[in-house]
Every structure is written in structure tokens, then in C-alpha cells.
1. State which residue is farthest from A69 (Cα to Cα) when the search covers only the range 94-132 and only residues that are without any contact (Cβ under 8 Å) to a residue 40 or more places away in the chain and of a type in the set (F, W, Y).
2. Those residues that are buried (at least 17 other Cβ atoms within 10 Å of the Cβ) and on the phi > 0 side of the Ramachandran plot, I need them from the range 23-41; list them, please.
3. Which condition number in (1) assigned to a loop (DSSP other than H, G, I, E, B); (2) free of Cβ contacts under 8 Å to residues at least 12 places away in the same chain is the one that F47 fails?
4. Would you please list the contacts, defined by Cβ atoms under 8 Å and residues six or more apart or on different chains, that run from a residue in the range 23-39 that is within 12 Å of P53 (Cα to Cα) to a residue that is open to solvent by 50 Å² or more (accessible area, probe 1.4 Å) and of a type in the set (V, I, T)?
5. Could you tell me whether V85 is over 19 Å from L117 (Cβ atoms), open to solvent by 50 Å² or more (accessible area, probe 1.4 Å) and at pLDDT 95 or above?
6. Any residue in the range 7-22 that is surrounded by fewer than 18 Cβ atoms within 10 Å (Cβ to Cβ) and at pLDDT below 95?
Amino acid sequence: MISSRPLRIVLIALLVFGTASALLGAVMGVLFDGAGVPVEYLTGSLFTSYLVPGLILGVVVGGSQAIAALALIRRARSALMASAVAGFGMLIWIFAELAIIGEYSWLQTLYFSLGALQVIAVLALLGIAPRIVRADGAG
């Protein structure tokens, strides 16, 4: 199934980082009502506090990242599908966050990049993404 051990390890590391980050963000959202992010950012949205967004971040985003990491570690047949879902989930989270709060933070670029790298790693493990650099150094 997954032939590139180094790339598989990188993808696991990205997913573990995504899991930890989402869970930390969820705790900050739920227990500390956004941890300093003004609740006014939610004006005009369905949310009046960071409770529900925090729960979504922890359960959906963090949960999918954790499930994908565990699937890869266990070499489950569904590992790459779970990893693709987790990566796209991270991308969707950032798009939704930007649409709802309308404010930009460098963290959004970081987490968008994280989701994109996860999806790219899945494509590379599937042999779909073209090789950027060959082993002999030729492009």
C-alpha cells in the first residue's frame, strides 16, 4: 500500500501536529472563549461564542487528524483515504474560518499549508503527484 517510508513518516508527523494543534485550539476556544480572539469576529455568523466552533475544531478537525495518523501507524487499508479527508478537512476549516471571521492571521497560512501538505503527501504516496526531484538529482 504505502511504499515510501520517509514520506509516510512525514505524513504521520504532519497529522500528529495537526491533531495537537486542533485539540489545543479547541481547548482555548471552549474553555477560554477564543483565548483573546474578539467575539465580535463572530458577528453575523451562526455563533455567539467560540464554544461550538471550538468543539467542531476539536472533534471534527482534530479527530480526523488523529484517526488518519493512527490509521497510517497501523497501516490500515483506509489510511490514505483518512489522511486525504483530514487534509481536506483542515483546508475547509481555514476557508470557513476566513469566511466567518473575515480577519487574517499568519496562523491561517500555517494551517492551510499543513492541510495542503497532507493532501500532497497522500497524492505522492498514491503515485499521483509527479516527482519533483529524482534520486539522481535530475529535475
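The values are calculated or read from the model by the stated rules, or taken from the named source; none is laboratory data. Fair warning: this is a prediction, and the values are worked out from it, not measured in the lab. Methodologically, a virtual Cβ is constructed for each residue, glycine included, from the backbone with ideal geometry; neighbour enumeration extends over all protein chains shown. Just the protein is used for accessible areas: all its heavy atoms, side chains included, with ligands, DNA and RNA removed. Shrake-Rupley method; radii C 1.70, N 1.55, O 1.52, S 1.80 Å.
1. Out of the qualifying residues, it is Y104.
2. Matches in the range 23-41: G34 only.
3. Against the list (1) assigned to a loop (DSSP other than H, G, I, E, B); (2) free of Cβ contacts under 8 Å to residues at least 12 places away in the same chain, F47 comes up short only on (2).
4. That search, which allows pairs on different chains as well, returns A26/V59; D33/V39; V39/T48.
5. Values: over 19 Å from L117 (Cβ atoms): no; open to solvent by 50 Å² or more (accessible area, probe 1.4 Å): yes; at pLDDT 95 or above: yes.
It is false that V85 is over 19 Å from L117 (Cβ atoms), open to solvent by 50 Å² or more (accessible area, probe 1.4 Å) and at pLDDT 95 or above.
6. Initial filter on the range 7-22 (surrounded by fewer than 18 Cβ atoms within 10 Å (Cβ to Cβ)): 7, 9-10, 13, 16-17, 20.
Next, from what is left, pick out any that are at pLDDT below 95: 7.
Yes, because at least one residue in the range 7-22 is surrounded by fewer than 18 Cβ atoms within 10 Å (Cβ to Cβ) and at pLDDT below 95.
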